[in-house]
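Inspection log for the structure reproduced underneath, given as structure tokens.
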Amino acid sequence: MIMKYLFTNDYSEGAHPRILEALARTNMRQEIGYERDSFCLEAERLILARVGNPAAAVHFVHSGGMANLVALASMLTRAYESVIAADTAHIHVHEGGAIEALGHKITLVAGLGGKITAEAIRAVMDKHLPDEHMVLPKAVSLAHATEVGTIYSLAELEAIAAVCREFGLYLFVDGARMGTALVAEGADITLRDLGRLTDIFTVGGTKNGALLGEAMVVNNPALREHFRRHIRQRAAHVAKGRIIGIQFAELFADDLYFDLARHSTSLAQRLRTGIARLGYKFFSRSPSNMSFPILPNAVIEQLQAAYGVYVWRGVSAEASVARLLTSWATPVSAIEQLLHDLEKLS
Ligand SMILES: Cc1ncc(COP(=O)(O)O)c(C=O)c1O
């Protein structure tokens with residue numbers, strides 16, 4: 001069987017070899033459970049050194065959806081409270097109604113290139129606050145990078161944080177794809193900014209070289225208290241939390257986390273440059289490791305014979321938006337081959 005090269009996701013491989021080595025090296029060491037082990041504590045220390053907020057807490061869960069659920073469960077406490085999110089948000093489209101199953105509505109705003117704006121949040125609050133027939137938003141959830149690969153600027157995040165403060169809204173940043181968002185061309189948000197501006201943000205490992213796992217950085221002292229109970233209640237507490245702790249300790253021991261993200265992101269940029277050179281347009285202005293070229297359906301179908309290509313959505317009877325992802329492990333040769341094949345089909 002001819003193996004296809006998958007551009008479908010950034011988690012199609014296992015883990016970076018350094019992570020596997022760290023897991024093997026520490027395998028026989030006995031540790032206590034539930035993220036009280038020395039590896040989780042070390043990973044927390046390393047992450048917080050970069051966040052610049054030693055008083056924050058870091059918790060580790062196994063998936064991005066789980067992190068979103070736990071974070072929002074800790075923020076939405078009264079039954080009438082809702083979370084504001086973009087209509088393209090992962091929590092709205094791709095999490096099986098998990099947030100709604102908490103008993104809280106997601107108040108949607110039209111995403112601008114996948115992003116939510118401070119003005120849109122203000123407009124929601126102006127409408128909902130005086131009207132007791134409506135749910136009352138208590139949190140804002142945004143993803144960095146977004147579902148369509150775009151990233152927020154520091155000015156945008158500052159404006160969102162300011163409007164959240166004004167209305168007493170918690171700010172949650174879903175960082176399942178935080179690595180690529182931090183290193184993308186033009187990126188000006190740092191982990192320090194996220195520590196200063198958000199109540200909780202996550203740092204995704206699954207999509208950036210880990211076997212699996214997400215780090216949740218809880219900045220707000222009021223949310224830090226009893227946060228572990230929220231983790232426990234959502235069945236998200238991992239007895240062998242060390243497995244995630246070891247991975248994050250390795251990713252943040254030096255610049256590995258950022259280096260892996262730079263690899264996937266720079267290859268995506270190379271891919272976009274090549275695709276643009278062939279005359280194709282893009283659905284979103286993504287600087288991250290996600291690319292969304294608009295291609296003829298016939299071309300997509302032929303590409304799919306040799307590559308994993310996800311069709312994001314149709315744009316006309318003849319063309320669709322393809323979604324192509326690069327990972328920490330994508331070889332340059334795969335990009336060159338794809339561009340070569342695309343040129344032949346064009
Ligand atoms: C922005 C974002 N958040 C959360 C998730 C969910 O992650 P998981 O599949 O690990 O639950 C994804 C997955 O694609 C995502 O892109």
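The values are calculated or read from the model by the stated rules, or taken from the named source; none is laboratory data. All of these numbers come straight from a predicted model, not from anything done at the bench. Cβ coordinates were reconstructed from backbone atoms using ideal geometry, including for glycine residues, and neighbour counts include every protein chain displayed. For the accessible areas, the whole protein counts, side chains as well, though only heavy atoms, and no ligand, DNA or RNA atoms are used. Shrake-Rupley method; radii C 1.70, N 1.55, O 1.52, S 1.80 Å.
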Exercise. When both residues are 6+ apart or on different chains and their Cβ atoms are under 7 Å apart, which pairs have a first residue that lies in region 68-84 and is modelled with pLDDT of 95 or more, and a second that is within 12 Å of the ligand (Cβ to nearest atom) and assigned to a loop (DSSP other than H, G, I, E, B)?
Worked result: ASN68/GLU95; VAL70/ALA236
Exercise. Residue check: is GLY168 out of contact with any Pro (no Cβ under 9 Å at 6 or more places or on another chain), more than 15 Å from the ligand (Cβ to nearest atom) and farther than 20 Å from TYR257 by Cα?
Worked result: yes
Problem set entry | Selection within region 78-105 - of a type outside the set (A, V, I, L, M, F, W, C), within 14 Å of ARG234 (Cβ to Cβ) and away from the ligand (no atom under 15 Å from the Cβ) | GLY103, HIS104
Problem set entry | Counted residues, region 103-124 - those being modelled with pLDDT under 95 and either touching a helix residue (DSSP H, G or I) at 6+ places or on another chain (Cβ under 6 Å) or open to solvent by 70 Å² or more (accessible area, probe 1.4 Å) (or both) | 2
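Please pick out the residue among LEU271, LEU267, LEU303 that is over 17 Å from the mean Cα position of the chain (by Cα), under 15 Å from LEU6 (Cα atoms), hydrophobic (A, V, I, L, M, F, W, C) and surrounded by 23 or more Cβ atoms within 10 Å (Cβ to Cβ).
On the way: LEU267 fails: surrounded by 23 or more Cβ atoms within 10 Å (Cβ to Cβ); LEU303 fails: surrounded by 23 or more Cβ atoms within 10 Å (Cβ to Cβ).
Every option except LEU271 fails the conditions.
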For this session: Just need a number here: residues in region 213-250 that are within 19 Å of LEU20 (Cβ to Cβ) and either away from the ligand (no atom under 16 Å from the Cβ) or part of a loop (DSSP other than H, G, I, E, B) (or both).
Result: 9
Problem set entry | First in region 220-245 and touching a residue at least 12 places away in the same chain (Cβ under 8 Å), second anywhere and of a type outside the set (Val, Ile, Thr) and open to solvent by 70 Å² or more (accessible area, probe 1.4 Å), Cβ under 7 Å, 6 or more apart | HIS237/TYR34; VAL238/HIS62; ALA239/TYR34; GLY241/TYR34; ILE244/HIS62
For this session: Quickly run through region 51-69 and pick out the residues that are over 13 Å from ASP174 (Cβ atoms) and either among the small types (Gly, Ala, Ser) or in a strand (DSSP E or B) (or both).
Result: GLY52, ALA55, ALA56, ALA57, VAL58, HIS59, PHE60
For this session: Residue by residue through region 238-252, note down the ones that are more than 20 Å from the chain's Cα centre (by Cα) and open to solvent by less than 60 Å² (accessible area, probe 1.4 Å).
Result: VAL238, ALA239, GLY241, ARG242, ILE246
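Evaluate the following for LYS127: is it open to solvent by 60 Å² or more (accessible area, probe 1.4 Å) and in contact with a Ser or Thr (Cβ under 9 Å, 6 or more places away or on another chain)? Step through it out loud before you land on a result.
Details: open to solvent by 60 Å² or more (accessible area, probe 1.4 Å): yes; in contact with a Ser or Thr (Cβ under 9 Å, 6 or more places away or on another chain): no.
So LYS127 fails the test.
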Exercise. When you go through LEU72, LEU48 one by one, which is the residue that is more than 16 Å from the ligand (Cβ to nearest atom), closer than 16 Å to PHE201 by Cβ, assigned to a helix (DSSP H, G or I) and open to solvent by less than 60 Å² (accessible area, probe 1.4 Å)?
Worked result: LEU48
